[in-house]
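Visitor: To start, I am sharing the structure in question, which I have written as structure tokens.
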Amino acid sequence: MSLRRGVQIFLLALFIALIALTRWPPSPVEVHDAFLRIDPLLSIQAALASRTWIPALGYGAVVLGLSLLLGRFFCGWMCPMGTCLEVGDDLLYGRNRRRVWPNSARRLRYVKYGLLAMILAAAVFGEALAYLFDPISWMTRILALGVWPLFSAIVNLGLEALRPVFEWLGWMHLARTQFDLSTFGFLGLFSLLFFAFLLGLGRYQRRFWCRHLCPLGALLALFSRNALFRRRVENGCDKDGKCFRTCETGAIDPKDVFRYDSGECIQCGRCVSDCHKKVTSFSPSLSPKGLAPSTDLSRRQALGWIGGGSLTAGWLALNPARRLTNDATLRPPGAIPEDDFLATCVRCGQCIKACPTGCLQPALLEAGAAGFMTPIAVPRLGACNRNCNGCGQICPTDAIRSLSLPEKISARMGNAVLDPSRCVVYERGRVCLVCDEHCPFGAIDWEENERGDRCPVVNETRCNGCGQCERNCPVEGVSAIRVRPAGQVRRGAGESYPPFAGLQEAEDKKNHRPQGYSYPP
Amino acid sequence: MKLTRREAIVGMATGGLLVGCPFLLKANGSNAAQTGGKAAIPSAVQAIRPDLSVVTGRDPAQNVRAAVEALGGMGRFVGKGDIVTLKPNMGFGNAPEAATTTDPRVVRAMAELALNAGAKRVLIYDYPCNKADIVLDVCGIKKIMAGLDDTFVYTIQSAKYYSEVTIPNAKTLYQVPIARDILESDCIINMPVAKSHGSAKVSFGMKNWMGIVENRKTWHFSHDLNTAIADIATFVRPKLTLLDATRALVTGGPGGPGEIQALNTVVAGTDPVALDAYGLTLAPFGGKGYKPTDINYLVDAAKRGVGTIDLEKLTVQKQII
């Protein structure tokens, strides 16, 4: 195994480990989103679209600066998507086997530059599109929403199969452990299918995604065109053509093997190791000899992509659904105001993975077209736990603010609204106050009706919108009590939240306890 | 009721003990002496064993030990090699101060008693209302059991751990999925915390059984809640119930916040109806307090022979330590 493959596998393992560790309570050191933070495309887009300074731009700038020296080392050595596709290519289609397209055929290379132009144009108009094409964003989603729940399901089957053994051995904890699968929804499946599609494209060329489609690759390519570390072929080359046939990205010109597209080269070093005459090398140099970078994108085409991005942004902004969903979508507590939220969220899915109750789910179209794959709160599946502020601490772009627990409770998600026509007490005279039982803020009062039933009533000033009532309402199907975003409190970065009155009241009541009890003693 | 062979054997053995076969009583007494460190109880004392034992004191663990001792010691309930199930209330992700879950010290003291009486394994579980791992982390019961061998604290929310059973004398709850760990256990000990309750008025021992069924939502939706609670009480018969009123959530239950009173009391007994009825006298639950006849499920269960609701017919032994 080469040094590069070692580094690749190590970083992929690190990436997977960081996502597996993205959970509540979060690790004290905020490293779980390291890969997202160093992704320059995401931070540039988020900063452009929200017109704010994103701290992660600093890390992105380092990666771009290093690309000026080392070329697309990120793609060849670090990118988890690149590693997965490369290994997948080797396993599925053989390392040196011929593909459907000749290895050097440029065909769709311009698409990635076009996508980059489109993303940046849309960002200028305030809309986020990068998440649809960014590899780090995709890999995070694939792992967090697709692979992780499936993996848990397989572990659950294993635990279930071994249960008699555990019981016989007396390992009762293992015998009673089942993992929660609350995040494997449509988008989990979709992200897995997308990954399978990318692997399938490997039939046409190695690293098809990296060559033709990846806009992050395009951005790094623009910075790598004149990278200091350059390929050099000495005299003595017998032009047997192995280098351009096996080049990981088809960067070497088949007509003139001394020339290569320095923007396409990912510094993998295969041309060096495969050169049987040992005349190829990479070294720092300022000589432009052999450099032949090209984006394959004419000025007219570029303008076309920019126009496309601008029009998409315009449509997303004008879409009437946007105005509807702005007021109808339940966002996680601490989400910044909706327009900024949509611009800043990179749809990585880490908050969804970390949410311990399954309250956060990826939106399909519930939050409008612009809100595709953004996190929405679905209290019916899981309420927002009052002791957790994980989503804000995990969010790599601060689309969900990192808040202290009292602040997070003040950042109310909405208000509970009771529908008496569905409630079993109002409608059937059953004995039920489950909403009151579960409300952590005592926001459900009850009034006796003429039949003597205790009917639940929401006290709005004490309601936090956490959704414990909606989650636990025994009515089948749609809950009789639902959290609506009407009472939501959303503030931008740095602004403070008005303190939530119900919290103080709840704390006062708790502190009302008499002397004589303490725990631990 | 489905009986496993073990349950049948233990049931018969216990039955034999309870009818007072002197030889076995002696054996049981010496067993207690051997494991619990207490002298064998003479059979004359057995005859005046109280129905309920109420202990008030500063140390919750000591209260539990004294309360169980007054009922005849743990050897009366737990046999050698038994799998013992404790069913505390671990329903809510609140700290012990919030009085929504059973006090961890009370649970630990009971687990230790069971182990000392020869239990092979002690299972402690509930079907929580909140997210399971948060509840286990916050309520303190898992933490306090650290270092106790053969004791397991867990939650069971997956339907895989439940079996559908038929309740023969049910009025509404004919079929119900009950945790297999309850059905297969040799000795069930119910360990509720004393709380007021919005829909059921109070949540003591009988209400605590909602934590062993898998689909309790239907109790509100398809059944009358009070009848369903009485139904399950005719089926699940704990050998011992211990009501934790170390602190009681007098109003605002079962999830709080509400008024909390530090009563420093535990109540133990074998009659679930009597115990719940007595629990009402501890504090003005729900604000004004309830009489046993105010609680519909208690009246219903008493009518169906689960236990005695009339407090005047009971012998209650009170201790202050």
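Visitor: Within the range A:63-91, name every residue whose backbone N is under 18 Å away from a label modeled 7 Å from Cα of A:Ile9 along the Cβ vector.
Guide: Within reach of a label on A:Ile9: A:76-91.
Visitor: Could you work out the Kirkwood radius for the range A:1-137, taking every pair of different alpha carbons, averaging 1/r and inverting it, reported in Å? Could you put the intermediate results ahead of the total?
Guide: Numbers: mean 1/r = 0.0589 Å⁻¹.
Here the Kirkwood hydrodynamic radius works out to 17.0 Å.
Visitor: Ignore the peptide's own chain and count Cβ atoms of other chains within 10 Å of each Cβ in B:218-228; give me the average, rounded.
Guide: Numbers: counts 2, 5, 12, 9, 5, 2, 4, 6, 1, 1, 1.
Taking all residues of B:218-228 together, the mean is 4.
Visitor: With contacts defined as alpha carbon pairs under 8 Å and 6 or more residues apart, what's the relative contact order of chain A in percent? Can you show the working numbers first?
Guide: Details: 978 pairs, mean separation 82.6, N = 521.
Worked out over chain A, it gives 16 percent.
Visitor: For the range B:179-303, give the share of DSSP beta bridges that are antiparallel, in percent and rounded to the nearest 5; count only bridges with both residues there.
Guide: Details: 10 of 14 bridges.
So the antiparallel bridges in the range B:179-303 amount to around 70 percent.
Visitor: Within the set B:Lys131/B:Lys207; B:Lys120/B:Lys207; A:Lys353/B:Lys131, which residue pairs have Cα atoms separated by over 18 Å? Numbers along the way, then the final one.
Guide: Numbers: B:Lys131/B:Lys207 20 Å; B:Lys120/B:Lys207 28 Å; A:Lys353/B:Lys131 15 Å.
The pairs that break the limit, which is 18 Å between Cα atoms, are B:Lys131/B:Lys207; B:Lys120/B:Lys207.
Visitor: Which values, in whole Å and largest first, are the semi-axes of the equivalent ellipsoid of the range B:114-180 obtained as the square root of 5 times each eigenvalue of the Cα gyration tensor?
Guide: Working: eigenvalues 150, 63, 18 Å².
Working from the Cα gyration tensor, I get semi-axes of 27, 18, 9 Å.
Visitor: Obtain the nm distance between the two label points defined at A:Glu234 and A:Val417 by a simple spin-label model: each point lies 7 Å from its Cα along the Cα-to-C-beta direction.
Guide: Reported label-point gap for A:Glu234 and A:Val417 is 7.7 nm.
Visitor: Quick one: length gained pulling A:Ser496 to A:Glu160 fully straight, 0.36 nm per residue minus the C-alpha distance?
Guide: Values: separation 336, 0.36 × 336 = 120.96 nm, distance 4.80 nm.
Additional length available on full extension: 116.2 nm.
Visitor: Based on the Kirkwood radius over alpha-carbon pairs, what value in µm²/s does the Stokes-Einstein equation return for the translational diffusion coefficient of the range B:183-287 at 20 °C and 1.002 mPa s? Mind showing how you got there, number by number?
Guide: Numbers: Rh = 14.0 Å.
In µm²/s, the coefficient rounds to 153.
Visitor: Next up: Give the Rg/Rh ratio for the range B:116-226, taking Rg as the radius of gyration of the Cα atoms and Rh as the Kirkwood radius, to two decimals.
Guide: On the way: Rg = 15.1 Å, Rh = 15.6 Å.
Over the Cα atoms of the range B:116-226, Rg/Rh equals 0.97.
Visitor: 222 nm [θ] for the protein assembly as shown, helices only, -39500 (n - 2.57) per DSSP H run of 4+, per residue, to 500?
Guide: Values: 35 runs with 327 residues, N = 842.
It lands at -11000 deg cm²/dmol.
Visitor: Express in nm, to one decimal, how much length is gained between A:Ala486 and A:Leu318 on full extension, taking 0.36 nm for each residue of separation and deducting their alpha carbon distance.
Guide: On the way: separation 168, 0.36 × 168 = 60.48 nm, distance 2.25 nm.
Net length gain for the segment: 58.2 nm.
Visitor: How large is the translational diffusion coefficient of the protein assembly as shown in µm² per second when you combine the Kirkwood radius over alpha carbon pairs with Stokes-Einstein at 20 °C and 1.002 mPa s? Mind dumping the intermediate values first?
Guide: Working: Rh = 30.4 Å.
This corresponds to a translational diffusion coefficient of 71 µm²/s.
Visitor: Between B:Asp150 and A:Tyr519, how high is the FRET efficiency from 1/(1 + (r/R0)^6) when r is the Cβ-Cβ distance and R₀ = 35 Å? Nearest 0.05.
Guide: The formula returns an efficiency of 0.90 here.
Visitor: For B:Asn169 and B:Lys303 in the same chain, what is the full-extension length gain: residue separation times 0.36 nm, less their Cα-Cα distance, in nm? Intermediate values should be presented prior to the final figure.
Guide: Values: separation 134, 0.36 × 134 = 48.24 nm, distance 1.23 nm.
47.0 nm is the gain from fully extending B:Asn169 to B:Lys303.
Visitor: If we count every other residue with Cβ under 14 angstrom of A:Leu69's Cβ, Lys/Arg +1 and Asp/Glu -1, where does the sum land? It would help to have the intermediate numbers written out before the result.
Guide: Details: positive: A:Arg72, A:Arg225, A:Arg230; negative: none.
Around A:Leu69, the surrounding residues sum to +3.
Visitor: Once you list every other residue whose beta carbon is under 14 Å from the beta carbon of B:Met206, what net charge do they have if Lys and Arg are +1 and Asp and Glu are -1?
Guide: On the way: positive: B:Lys87, B:Lys195, B:Lys201, B:Lys207, B:Arg216, B:Arg237, B:Lys303, B:Arg304; negative: B:Asp231, B:Asp271, B:Asp276, B:Asp300.
Overall, the nearby charge balance is +4.
Visitor: Let me ask something else about it. Check each of the trypsin sites (Lys or Arg not before Pro) in the range B:61-149 and keep only those in coil by DSSP with at most 13 other C-beta atoms within 10 angstrom; list them in order.
Guide: Details: sites: B:Arg65, B:Arg76, B:Lys80, B:Arg105, B:Arg108, B:Lys120, B:Arg121, B:Lys131, B:Lys142, B:Lys143; in loops: B:Lys80, B:Lys120, B:Lys131.
Counting only loop positions with at most 13 other Cβ atoms within 10 Å, the trypsin sites (Lys or Arg not before Pro) in the range B:61-149 are B:Lys80.
Visitor: Could you list, in their original order, any pairs among B:Lys195/B:Lys288; B:Lys217/B:Lys239; B:Lys171/B:Lys217; A:Lys239/A:Lys278; B:Lys160/B:Lys217; B:Lys87/B:Lys303 whose Cα atoms are separated by more than 23 Å?
Guide: On the way: B:Lys195/B:Lys288 14 Å; B:Lys217/B:Lys239 27 Å; B:Lys171/B:Lys217 18 Å; A:Lys239/A:Lys278 12 Å; B:Lys160/B:Lys217 18 Å; B:Lys87/B:Lys303 25 Å.
Over 23 Å Cα-Cα: B:Lys217/B:Lys239; B:Lys87/B:Lys303.
Visitor: Along the principal axes of its C-alpha atoms, what lengths does the range A:281-340 span, in descending order and rounded to whole Å?
Guide: Result, largest extent first: 59, 32, 14 Å.
Visitor: State the Kirkwood hydrodynamic radius of the range A:78-225 in Å, one decimal place, computed from all pairs of distinct Cα atoms. Could you put the intermediate results ahead of the total?
Guide: Numbers: mean 1/r = 0.0559 Å⁻¹.
Kirkwood hydrodynamic radius for the range A:78-225: 17.9 Å.
Visitor: Can you compute the radius of gyration and Dmax for the range A:320-466, using only the Cα atoms, both in Å?
Guide: 17.0, 54
Visitor: How about the range A:29-75: which chymotrypsin sites (Phe, Trp or Tyr not before Pro) there lie in a loop by DSSP and see at most 16 other Cβ atoms within 10 Å?
Guide: Working: sites: A:Phe35, A:Trp53, A:Tyr59, A:Phe73, A:Phe74; in loops: A:Trp53.
Here the chymotrypsin sites (Phe, Trp or Tyr not before Pro) that fit, given the DSSP loop and packing criteria, are A:Trp53.
Visitor: Sticking with this structure for a sec: Less than 12 Å Cβ to Cβ from B:Ser158, Lys/Arg counted +1 and Asp/Glu -1: what total charge do the surrounding residues give? Working shown, then result.
Guide: Working: positive: A:Arg163, A:Arg176, B:Lys160, B:Arg180; negative: A:Glu160, A:Asp180, B:Glu214.
Combined, the nearby Lys, Arg, Asp and Glu give +1.
Visitor: Across peptide B:152-161, how many C-beta atoms of other chains are within 10 Å of each residue C-beta, on average?
Guide: Numbers: counts 6, 3, 6, 2, 3, 3, 7, 1, 6, 4.
Shielding by partners across B:152-161 averages 4.
Visitor: Also: Would you tell me the mean number of C-beta atoms belonging to other protein chains that fall within 10 Å of each C-beta in A:167-180, as a whole number?
Guide: Details: counts 2, 0, 0, 4, 1, 12, 3, 1, 4, 12, 4, 7, 1, 5.
Average neighbour count from other chains, rounded to a whole number: 4.
Visitor: Let me ask you something else. What is the list of residues in the range B:69-111 whose amide nitrogen lies under 14 Å from a point 7 angstrom out from the Cα of A:Leu174, following Cα to Cβ?
Guide: The answer is none, because no backbone nitrogen lies closer than 14 Å to the label point.
Visitor: Please work out the Cα center distance from the range B:54-117 to the range B:132-158, rounded to the nearest Å.
Guide: 15
Visitor: How far apart, in nm, are two points set 7 Å out from the Cα along the Cα-to-Cβ line at A:Ala196 and at A:Val272?
Guide: 3.9
Visitor: Next question. If the viscosity is 1.567 mPa s and the temperature 4 °C, what Stokes-Einstein diffusion coefficient in µm²/s follows for the range A:94-176 when Rh is the Kirkwood radius over Cα pairs? Numbers along the way, then the final one.
Guide: Numbers: Rh = 17.7 Å.
Stokes-Einstein gives a translational diffusion coefficient of 73 µm²/s.
Visitor: Compute the angle between helix A:40-50 and the longest alpha-carbon principal axis of chain A, please, reported from 0 to 90 degrees and rounded to the nearest 10.
Guide: It works out to around 50 degrees.
Visitor: Calculate how many DSSP beta bridges within the protein assembly as shown are antiparallel, expressed in % of all such bridges and rounded to the nearest 5. Before the final figure, lay out the partial values.
Guide: Details: 40 of 64 bridges.
DSSP beta bridges in the protein assembly as shown are roughly 60 percent antiparallel.
All of the numbers you see were taken from the coordinates with simple rules; none came from a lab. The structure displayed is predicted, hence computed values, not measured ones. Every residue, glycine as well, gets a Cβ built from its backbone with ideal geometry; the counts of neighbours run over all protein chains shown.
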